[in-house]
Amino acid sequence: MSVQELEKIFQDKIDKEVKLEPKDWMPDAYRKTNIRQISQHAHSEIVGMLPEGNWISRAPSLKRKAILLAKVQDEAGHGLYLYSACETLGITREETINDLHSGKAKYSSIFNYPTITWADIGAIGWLVDGAAILNQVMLTRTSYGPYARAMVRICKEESFHQRQGFESLLVLSRGTKEQKEMCQDAINRWWWPSLMMFGPKDSESTNSDQSMKWKIKRKTNDELRQNFVDMIAEQVKILGMTLPDDKLKWNEERRHYDFGEINWEEFWSVVKGNGPCNKQRLEARKKAWEEGEWVREAAAAFAKKRKTSPNPSKGGALAAA
Amino acid sequence: MNILLRKFYYGDIPEDKTGGNIVSKDTKSDWPLWEVFIRSKQGLDHKHAGSLHAADAQMAIENARDVYTRRMEGVSIWVVESKDITASNPEEAGELYEPAVDKVYRHPTFYDLPDEVKHM
């Protein structure tokens, strides 16, 4: 079969909402786009553990500490689901991780902002995870099967993340004057970076068009961003707080909230590595990887030793069931 | 030593079709890939949950516990090395499933029965 014919079969499947599975033929560019997107997504989950991990030892109560631990553990799990989905496209785990460490692969810029106060942890859950959920709910219907299945799993767990964040801010918003100020300050700092999470405007995004045709993405950056603004603008009222945008206003005609312009200069500057914590985040990742090297080697050596020693097997899967 | 090889996981496409990634791979301590199957409840089948890397089967089960059953999703776990799974080829799906296509009489709805015969 010619490549043209294969491409036609491929696009027909996509148009008919048939999911692509790893063994199916797919154009190289589709494979590459998925590798790039899924691996970036995976890196974001893993790097995302760093700003939150910063507060595990300083959480204000045992309850909050247990919640935060569970959340950070979830993020590690999410990273793993995604790395596994990425591997089905024919790239090794090690390559993917090397690309992160070399700076070739990106992760969500939001994690290059620092977590200065405890309220930041609540704001991350509510705003950052809230933004991520909108993107991820859309991706449960993405055309590549393993990616879609990973997303279903992630979405099931993500709702806890957003709710715990909002609840944590709710407590602060009903607290002392200082707590209220801390809450508002965190919202002020996280609002704009959260809006940036949806990526460049549709008129400027290079990846959206082809991704829509291939149904990797199903909503544009601007559509998702608008959904997010509409959702948060209502929820912030319950907290009795405000969003730091004087242009934010309900537009009766559009049936959406209007909002101010994002600082795109800041967006690109952080993407390019000049955010407040880019260097620190990558260094933490590399350090963890390098200092874990001996553990990985030791475990491999141990497994090899056990395989070669005459240890009787415990029976097959059926026996184990 | 760095060797170049074409790597196909359980999921990759056949060699003659484009796309297999040629990778430069360092073979020192790569943990193999395992497929994880989970029984969610006593009485139900094990179902494929995902995959992970682990040095050996025991570690694969422990990692699967941490990754796939954090919310009591399972009561039993199977792990099998991905390389030990043989999968059917989607390009041969036509021939493979063809024998079932023209045998509608295998379905109960093929048979028209009088209304008086209830619940059959």
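The values are calculated or read from the model by the stated rules, or taken from the named source; none is laboratory data. Computed from a predicted structure; not experimentally measured. Cβ sites come from the backbone with ideal geometry, for glycine too, and all protein chains shown count toward neighbours.
So in region B:85-99, with the set limited to residues that are charged (D, E, K, R) and more than 11 Å from chain A (Cβ to nearest Cβ), which one is farthest from A:L6 (Cα to Cα)? Spell out the reasoning first.
First pass over region B:85-99, keeping only residues charged (D, E, K, R): B:91-92, B:95, B:98.
Then keep just the ones that are more than 11 Å from chain A (Cβ to nearest Cβ); that gives B:95, B:98.
Details: B:E95: 18, B:E98: 21 Å.
Applying the filter and picking the extreme gives B:E98.
Working only within region B:53-76, note down all residues that are facing another protein chain (nearest Cβ under 9 Å) and farther than 21 Å from A:K305 by Cα.
Correct list: B:D66, B:V67, B:Y68, B:R70, B:R71, B:S76.
Which pairs have Cβ atoms under 8 Å, sit 6 or more apart or on different chains, and link a residue in region A:56-68 that is closer than 16 Å to A:A123 by Cα to one that is acidic (D, E) and in a helix (DSSP H, G or I)?
Short answer, once both residue conditions are applied: A:L68/A:E52.
How do the pairs read when you match residues in region B:81-108 that are free of Cβ contacts under 8 Å to residues at least 12 places away in the same chain with residues anywhere that are part of a helix (DSSP H, G or I) and surrounded by 10 or more Cβ atoms within 10 Å (Cβ to Cβ), using Cβ under 9 Å and keeping only pairs 6 or more apart or on different chains?
Short answer, once both residue conditions are applied: B:S88/B:L96.
Outside any helix (DSSP H, G or I), more than 14 Å from every other protein chain (Cβ to nearest Cβ) and either within 29 Å of A:S269 (Cβ to Cβ) or among the hydroxyl-bearing types (S, T, Y) (or both): which single residue out of A:I187, A:I216 fits that description?
Details: A:I187 fails: outside any helix (DSSP H, G or I).
Going through A:I187, A:I216 in turn, just one is outside any helix (DSSP H, G or I), more than 14 Å from every other protein chain (Cβ to nearest Cβ) and either within 29 Å of A:S269 (Cβ to Cβ) or among the hydroxyl-bearing types (S, T, Y) (or both): A:I216.
Give the residues of region A:75-95 that are within 16 Å of the chain's Cα centre (by Cα) and closer than 16 Å to B:S51 by Cα, sorted by residue number.
Step one: list which residues in region A:75-95 are within 16 Å of the chain's Cα centre (by Cα), which gives A:75-86.
Correct list: A:A76, A:G77, A:H78, A:G79, A:L80, A:Y81, A:L82, A:Y83, A:S84, A:A85, A:C86.
Is there a residue being closer than 24 Å to B:P32 by Cβ, hydrophobic (A, V, I, L, M, F, W, C) and loosely packed, with under 11 Cβ neighbours inside 10 Å anywhere in region A:285-303? Give the steps one after another, and end with the answer.
Residues of region A:285-303 that are closer than 24 Å to B:P32 by Cβ, as a first pass: A:285, A:288-303.
Among the residues that remain, those that are also hydrophobic (A, V, I, L, M, F, W, C) are: A:288-289, A:294-295, A:298-303.
Add one more test, that the residue is loosely packed, with under 11 Cβ neighbours inside 10 Å, and what stays is A:294.
Among the residues of region A:285-303, at least one is closer than 24 Å to B:P32 by Cβ, hydrophobic (A, V, I, L, M, F, W, C) and loosely packed, with under 11 Cβ neighbours inside 10 Å, which makes the answer yes.
Those residues that are part of a loop (DSSP other than H, G, I, E, B) and touching a strand residue (DSSP E or B) at 6+ places or on another chain (Cβ under 9 Å), I need them from region B:66-117; list them, please.
B:T69, B:E73, B:G74, B:V75, B:I85
Can you tell which of A:D12, A:D99 is more than 30 Å from A:I187 (Cα to Cα), free of Cβ contacts under 8 Å to residues at least 40 places away in the same chain and of a type outside the set (A, V, I, L, M)? Please lay out each step first, then the result.
Working: A:D99 fails: free of Cβ contacts under 8 Å to residues at least 40 places away in the same chain.
That would be A:D12, the only listed residue that is more than 30 Å from A:I187 (Cα to Cα), free of Cβ contacts under 8 Å to residues at least 40 places away in the same chain and of a type outside the set (A, V, I, L, M).
Quick test of your reading of the structure: A:V47 fulfils all but one of (1) at pLDDT 95 or above; (2) closer than 21 Å to A:H101 by Cβ; (3) within 14 Å of chain B (Cβ to nearest Cβ). Name the failing condition by number.
Every listed condition holds for A:V47 apart from (3).
Can you tell me how many residues within region A:225-258 are hydrophobic (A, V, I, L, M, F, W, C) and under 24 Å from the mean Cα position of the chain (by Cα)? Spell out how you get there, then give the answer.
Within region A:225-258, the first condition is being hydrophobic (A, V, I, L, M, F, W, C), and the residues that meet it are A:228-229, A:231-233, A:236, A:238-239, A:241, A:243, A:248, A:250.
Okay, now just the ones that are also under 24 Å from the mean Cα position of the chain (by Cα), so A:228-229, A:231-233, A:236, A:243.
The qualifying residues number 7.
Before we move on, is A:K104 more than 17 Å from A:R285 (Cα to Cα), of a type in the set (K, R) and free of Cβ contacts under 8 Å to residues at least 24 places away in the same chain?
Working: more than 17 Å from A:R285 (Cα to Cα): no; of a type in the set (K, R): yes; free of Cβ contacts under 8 Å to residues at least 24 places away in the same chain: yes.
For A:K104, the condition - more than 17 Å from A:R285 (Cα to Cα), of a type in the set (K, R) and free of Cβ contacts under 8 Å to residues at least 24 places away in the same chain - is not met.
Considering only residues that are touching a helix residue (DSSP H, G or I) at 6+ places or on another chain (Cβ under 6 Å) and not aliphatic (A, V, I, L, M), which ones fall in region B:34-48?
Selection gives B:W34, B:E35.
Here is a list of conditions, (1) more than 23 Å from A:D230 (Cβ to Cβ); (2) at pLDDT 95 or above, and A:G165 meets all of them except one; can you say which number that is?
Among (1) more than 23 Å from A:D230 (Cβ to Cβ); (2) at pLDDT 95 or above, A:G165 violates only (1).
Only one of A:E223, A:E158, A:E178 is surrounded by fewer than 20 Cβ atoms within 10 Å (Cβ to Cβ) and farther than 24 Å from A:D258 by Cα. Can you tell me which? If you could, list the steps in order and put the result at the bottom.
On the way: A:E223 fails: farther than 24 Å from A:D258 by Cα; A:E158 fails: surrounded by fewer than 20 Cβ atoms within 10 Å (Cβ to Cβ).
Every option except A:E178 fails the conditions.
In region B:63-120, which residues are on the phi > 0 side of the Ramachandran plot and within 28 Å of the chain's Cα centre (by Cα)? Walk me through it before giving the result.
Filtering region B:63-120 down to residues on the phi > 0 side of the Ramachandran plot leaves B:72, B:119.
Matches in region B:63-120: B:M72 only.
Given the conditions (1) within 14 Å of chain B (Cβ to nearest Cβ); (2) assigned to a helix (DSSP H, G or I); (3) free of Cβ contacts under 8 Å to residues at least 12 places away in the same chain; (4) not polar (S, T, N, Q), report the number of the one that A:E7 does not fulfil.
The one condition A:E7 does not meet is (3).
Can you name the condition, by its number, that B:D45 falls short on among (1) surrounded by fewer than 15 Cβ atoms within 10 Å (Cβ to Cβ); (2) farther than 30 Å from A:Q4 by Cα; (3) modelled with pLDDT under 95?
(3)
Kindly provide the set of residues from region A:281-304 that are within 27 Å of A:K106 (Cα to Cα), more than 19 Å from the chain's Cα centre (by Cα) and either in contact (Cβ under 8 Å) with a residue 60 or more places away in the chain or in a helix (DSSP H, G or I) (or both), ordered by number. So that I can check it myself, show each step before the final result.
Let us first name the residues in region A:281-304 that are within 27 Å of A:K106 (Cα to Cα), namely A:281-296.
Still in the running and more than 19 Å from the chain's Cα centre (by Cα): A:283, A:286-296.
Of everything in region A:281-304, those that are within 27 Å of A:K106 (Cα to Cα), more than 19 Å from the chain's Cα centre (by Cα) and either in contact (Cβ under 8 Å) with a residue 60 or more places away in the chain or in a helix (DSSP H, G or I) (or both) turn out to be A:E283, A:K286, A:K287, A:A288, A:W289, A:E290, A:E291, A:E293, A:W294, A:V295, A:R296.
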